[in-house]
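The values are calculated or read from the model by the stated rules, or taken from the named source; none is laboratory data. Predicted model, so just to flag it, every value in this text is computed and none were measured. Please note: Cβ atoms are built from the backbone with ideal geometry, for glycine as well, and neighbour counts cover all protein chains shown.
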Amino acid sequence: MGRDDQTQELGGGLGFRDIELFNLALLARQAWRILNDANSLSARVLKAVYYPEAEFLDAAVGSSPSRVWRAINEGKDALVQGLIRRIGTGETTNIWSMNWLPRDGQFRPLTCTRAYAPQMVKEQVDPLTLTWDHDKLQHFFTPLDAEVISSIPLTTRGQDDFWAWHYEKTGVFSVRSAYRMLVQKKENLTAWLEHTPSTSDIRANEKEWTAIWQLKVPSKIKVFLWRLARHSIPTADVLHRRHIAPHAACLVCGVPDSWKHSLLECNLAKCVWALLNEETVEHICNVEEQNAKAWLAEIISSLPKEESRRVVVTMWAVWHAKRKAVYENIFQSPLSTHCFVDRFMSDLDLSSPQSEITASKGRVPRWIPPPGGIVKINVDAALSKNSRGASAAAVARDASGKFMGASSVVMRGIIDPETMEVLALREGLALAKDLSLNRVRMASDCANAIWCMTGGSTMGAYGQIIQELREDAKAFLVMEFVHERREANHDAHVLARSTLASSFGRHVWFFDPPDGVCNSYLVT
């Protein structure tokens, strides 16, 4: 079995595991358990024997280790490659020796640009506002590092820093993500030794494959796309490289063959593409990427869904038309191939469920009232496309729909939409305190944020904020967190978008609602 076949499915392989790396991932899970449950019996025994005066991550193998301890150390070495520090107060996180920057590949700052570099993360936090001191960030760090640091949300409570797993959104270790990380690192090392290109960004690689798998086309076309992305469709150059064909020339037009020639540039293919939409064909010709997977990802991401689906169906039809011409001596006219694609697309449209499409059209913003005696606070967030500004907004109404207050906070640095949605929940709690409310229902259109607040993981990128909000929510007699559709969250959405251009800081309305807010009507 070749190395490519052992790659995980999101990496374009068949899903067969590399047993050695999979065993390392299982050992890393044991190391994760010891790290997160230091009071367990096994952790206490190992600490007493092998590292009584040190922390687990700093423990050495020692002079006469048992096979169990040696194996756990191997798992620990694998675990450390994906651990990241979540910042609370920043008092226990060293800037230069610990992983704490949430980005793939390089979890630590690249370098310090000034002498007398700070050592602890706490030194970069403004003690008055409990936000990042952007002047210090620009002074001591490179622009790239400063940008990443600014995107880390900070709490307003004194919470300890803690370790989390970078390669899972929840921050909780999983064998699956550890195995993927180890496979990717092995492939990158092999590519470096062999002087071949490699992909260092795990998530970008997975995103390209996910875009292919999520296309609404039959499985047989997805298999064709998978083979195309792996450069394994039997074009003449592939057959020649495998010593199956005597030469690498196209059997239709005689020029050197490749996947791009067979599907796009061959005379047979050009005649079919000439019958498609002129703008789509021009766009396809302008994509100069030679790697098939990257080319497919670019086409899928840059074209509307319907157009990208038509492109891949046409490629599949062209490929089969060419094979019939070469191996069966059956030549189809370009018009017949084009008509086949049209009929195939029509059949796909008929088989696609239309309920979601029709349901999303014509919706009118409708605010949903809370039960009697409870104040409803709708929250939402917005990010600027032209700058690194972001806004979190909250709008409070009583059960009759009467406006009670609104607020928004404009900040910079946060670029993750989901993190901003969680910060919008924090702004909603702040508004509830300003209005001296005791019975509150908080509504957001971000399902993940509500899931975290109602029992989800607190180890993700914004886990410390979730912990803060859960503690603050205990001060209320009633504090409910519910998920609602965007249409029911219209007021908070409008306020968040409209305050993006406002000055940094907090803005509050207590008497009259902001423009465009509280115009939606109630659900009866």
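Observations on the model:
- Scan of segment 22-61 for residues that are of a type in the set (Phe, Trp, Tyr) and outside any helix (DSSP H, G or I), ordered by number: 51
- Within the option set 75, 62, 90, being at positive phi, of a type outside the set (Val, Ile, Thr) and not assigned by TED's automatic domain parsing to the domain that holds residue 158 holds for one residue only, 62.
Residues checked against (1) out of contact with any helix residue (DSSP H, G or I) (no Cβ under 8 Å at 6 or more places or on another chain); (2) free of Cβ contacts under 8 Å to residues at least 24 places away in the same chain; (3) closer than 20 Å to residue 156 by Cα:
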position	(1), (2), (3)
393	no, no, yes
405	no, no, no
421	no, no, yes
425	no, no, yes
435	yes, no, yes
445	no, no, no
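- The set of residues in segment 17-39 being closer than 11 Å to residue 71 by Cβ and surrounded by fewer than 18 Cβ atoms within 10 Å (Cβ to Cβ) consists of 23, 26, 30.
- Residue tally, condition among the small types (Gly, Ala, Ser), in a loop (DSSP other than H, G, I, E, B) and surrounded by 14 or more Cβ atoms within 10 Å (Cβ to Cβ), over segment 224-281: 4
- Subset of segment 476-494 that is buried (at least 17 other Cβ atoms within 10 Å of the Cβ) and aliphatic (A, V, I, L, M) - its residue that is farthest from residue 455 (Cα to Cα): 494
- Residues in segment 282-295 that are crowded, with 18+ Cβ neighbours inside 10 Å and in contact with a helix residue (DSSP H, G or I) (Cβ under 6 Å, 6 or more places away or on another chain): 2 in all.
- Of all residues making up segment 290-328, the number that are of a type in the set (Val, Ile, Thr) and not in a helix (DSSP H, G or I): 0
- Unique match (being over 34 Å from the mean Cα position of the chain (by Cα) and polar (S, T, N, Q)) among 277, 291, 286, 267: 267
- The strands (runs of 3 or more DSSP E) found wholly in segment 369-457 and carrying at least 1 residues that are touching a Ser or Thr at 6+ places or on another chain (Cβ under 9 Å) and not assigned by TED's automatic domain parsing to the domain that holds residue 147 occupy 375-383, 389-397, 403-412.
- Some residue of segment 132-142 being over 20 Å from residue 102 (Cβ atoms) and touching a residue at least 40 places away in the same chain (Cβ under 8 Å): no
- Only a single item in (1) touching a residue at least 60 places away in the same chain (Cβ under 8 Å); (2) surrounded by 15 or more Cβ atoms within 10 Å (Cβ to Cβ); (3) assigned to a loop (DSSP other than H, G, I, E, B) is not met by residue 107, and it is number (1).
- Residues considered: 382, 390, 359, 394. Of these, the only one that is modelled with pLDDT of 95 or more and on the phi < 0 side of the Ramachandran plot is 394.
- Consider segment 409-439 and keep the residues that are of a type in the set (A, V, I, L, M) and touching a Phe, Trp or Tyr at 6+ places or on another chain (Cβ under 6 Å). The one that is farthest from residue 399 (Cα to Cα) is 410.
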